[in-house]
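The values are calculated or read from the model by the stated rules, or taken from the named source; none is laboratory data. Just so you know, these numbers come straight off a predicted model, no measurement behind them. All Cβ positions, glycine included, derive from the backbone under ideal geometry; neighbour counts span all protein chains shown. Protein only, heavy atoms only, side chains kept; ligands, DNA and RNA dropped before computing areas. Shrake-Rupley method; radii C 1.70, N 1.55, O 1.52, S 1.80 Å.
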Amino acid sequence: MTQAFAFATATEILFGRGKLVEAPARIAALGRRVLLVGGATPARAAPLASALAAAGCTVTHFAVPREPDVPLIEAGVALARTTGADVVAALGGGAVIDAGKAIAAMVPAPRPMLDHLEVVGLGLPLDVAPLPFIAIPTTAGTGAEVTRNAVIGVPDHARKVSLRDARMLPRLALVDPALTDGCPRAITLASGLDAITQVIEPFTSTRANPLTDALCADAIPRGLAALKRLMQSEDAQARDEMAWVSLCGGLTLANAGLGAVHGLAGPLGGLTGAAHGAICGALLPHVLRANRRAVADPARLDRVAGWLSEAFESAPDMDSAAQALSAWSQSAGLPGLAAQGIGPEARAAAAQAAATSSSMKANPAALSAADLVAVQDAAA
C-alpha cells in the first residue's frame, strides 16, 4: 500500500531561463502598490522596478543588507504600512526572500512578531492571511521561494528561529536560472552545498514520503555533478541544474523536514553570524557519518553514500564517501567552522540549543549533545 502523505507548496511555480520577463505582469495582477524587497545593491532590482512602473505600479524599495533579524523585519513592515503596500515581491538570495516573506506576513498582523516566532516566542499561527507574496531567487541554495517559513535572527536571544504559517507559502515562485549566472564562486559553493544538504536531509528524514523521495533521488546526483562543474568554470547548464536542485530542496524540506545539519546551523548562525550555507557545507559530511553510525535502518544513508562515492570517486561506504565530500569541499575553498569564527563555546551552546530546533525532529537517528559537539569539532 502506498504511504499516505500531504504536500503543500507555492500556489504557482514558474521555472525556466528567461521567465523573469513575466514577473511585472504577474505582480501587477496581485496589487498596484508594490514593496520590492532586494539586496544591499539596489541596481540589481532596478530593471524590475522600472518594468513594474511601466505596468502601472507604484514601487517602494526595501533593502536587505544582511540576514534578516527582528529589527530589520520591523523596519520593513513599518515601511510597507506607511506606503500602503498591497503586494510584496522579493528579488534576491535566501535572506532577501525570507525577509520579504516575513514582511508580507506581518504587515496585516495585529500581534507583535514575537508572538508568532518559534522557540523564543509563542509560536502562534497568524491571525490574518499575509499580503500576496512573490519570490524571485537570484541564488541557488535555500529554496525559500517554496517554503512556508522565514528564518529570522533574534538578537536578544542570539538565535535564529522560524516565523512559520502555511499561508506564508508564496503566491508565485518565479525561478529564472539566468539570475544566478556569474554568481561569485564562494557564494556558489556555499549556497550549492546548502541546496544539496536540503535534498539529502529530506531524503533521510523520518518524515520522507513518496513524492519527496522522487524529487530528492533525482536532485542529489544532479546537484553533486552540477556543483562540481561550477567549481571548474561558469556553465549555464550547470546553473540551470542547481536552480532545479535548490527548488527541489525547498519543496522537500517544506514537506519532509530536515535534520541535524540544520538543527545545528540555526543556533550557530544566531550565535556567531556565520553564513548559513557555509555552516551547512562544513557540517554535512560529519553529520552523515554520525547518523550512519547511529541509525537503526541504514538503507537511505547507504544510498546517499553511493551517490557521494560516484560523484567523488571514493569507496561506497559512508565513512569514505563523507571524507571524500569533505576533502573536495575544502579543496574548492569552503572554510571549516573554526575559520568561520565558530569556536568551542559556540559549538557547545549550539549542541544544547539544537534539542529545541524544529529541524532536529526529523533527523533519522537520535544524536546526543555529546554527539553533536563531536560532529562540530570534526567540522572545525
Check: Within segment 139-165, how many residues turn out to be in contact with a Ser or Thr (Cβ under 6 Å, 6 or more places away or on another chain) and polar (S, T, N, Q)?
Finding: 2
Item checked: The lone exception for S162 - which of (1) among the hydroxyl-bearing types (S, T, Y); (2) over 24 Å from A45 (Cα atoms); (3) at pLDDT 95 or above it fails -> (3)
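Taking only segment 203-233 into account, find how many residues are of a type in the set (D, E, K, R) and without any contact (Cβ under 8 Å) to a residue 60 or more places away in the chain. Before you say what the answer is, go through the steps one by one.
Pass one, segment 203-233, residues of a type in the set (D, E, K, R): 207, 213, 218, 222, 228-229.
With the extra rule that they be without any contact (Cβ under 8 Å) to a residue 60 or more places away in the chain, the set shrinks to 213, 218, 222, 229.
Residues that pass the stated criteria total 4.
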Notebook entry, point to check: When segment 329-342 is examined, which residues are found to be touching a residue at least 60 places away in the same chain (Cβ under 8 Å) and either out of contact with any Gly (no Cβ under 9 Å at 6 or more places or on another chain) or not in a loop (DSSP other than H, G, I, E, B) (or both)?
Noted result: S329, A332, G333, Q340
Checklist line | Leading residue by the ranking (most open to solvent (accessible area, probe 1.4 Å)) among those in segment 20-49 that are touching a Pro at 6+ places or on another chain (Cβ under 9 Å) and not in a loop (DSSP other than H, G, I, E, B) | finding: L20
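Any idea which of D235, D240 is surrounded by fewer than 24 Cβ atoms within 10 Å (Cβ to Cβ), over 30 Å from R32 (Cβ atoms) and over 18 Å from the mean Cα position of the chain (by Cα)? Walk me through how you get there before you give the answer.
Working: D240 fails: over 18 Å from the mean Cα position of the chain (by Cα).
When all the criteria are applied, what remains is D235.
Could you pull out the residue among L230, L251, L258 that is open to solvent by less than 50 Å² (accessible area, probe 1.4 Å), part of a loop (DSSP other than H, G, I, E, B) and at pLDDT 95 or above?
Values: L230 fails: part of a loop (DSSP other than H, G, I, E, B); L251 fails: part of a loop (DSSP other than H, G, I, E, B).
Of the residues listed, the single one that is open to solvent by less than 50 Å² (accessible area, probe 1.4 Å), part of a loop (DSSP other than H, G, I, E, B) and at pLDDT 95 or above is L258.
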Notebook entry, point to check: What are the pairs, 6+ residues apart or on separate chains, where a residue within segment 364-380 that is among the polar types (S, T, N, Q) has its Cβ under 7 Å from a residue that is assigned to a loop (DSSP other than H, G, I, E, B)?
Noted result: Q376/L337
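Only one residue in A99, A105 is in a helix (DSSP H, G or I), in contact with a His (Cβ under 9 Å, 6 or more places away or on another chain) and open to solvent by less than 10 Å² (accessible area, probe 1.4 Å). Which one? Please lay out each step first, then the result.
Numbers: A99 fails: in contact with a His (Cβ under 9 Å, 6 or more places away or on another chain).
On inspection, the qualifying residue turns out to be A105.
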Notebook entry, point to check: For segment 354-380, what are the residues that are among the β-branched types (V, I, T) and modelled with pLDDT under 95?
Noted result: T356
Notebook entry, point to check: Since I200 meets every condition but one in (1) open to solvent by less than 30 Å² (accessible area, probe 1.4 Å); (2) hydrophobic (A, V, I, L, M, F, W, C); (3) within 19 Å of L14 (Cα to Cα), which condition does it not meet?
Noted result: (3)
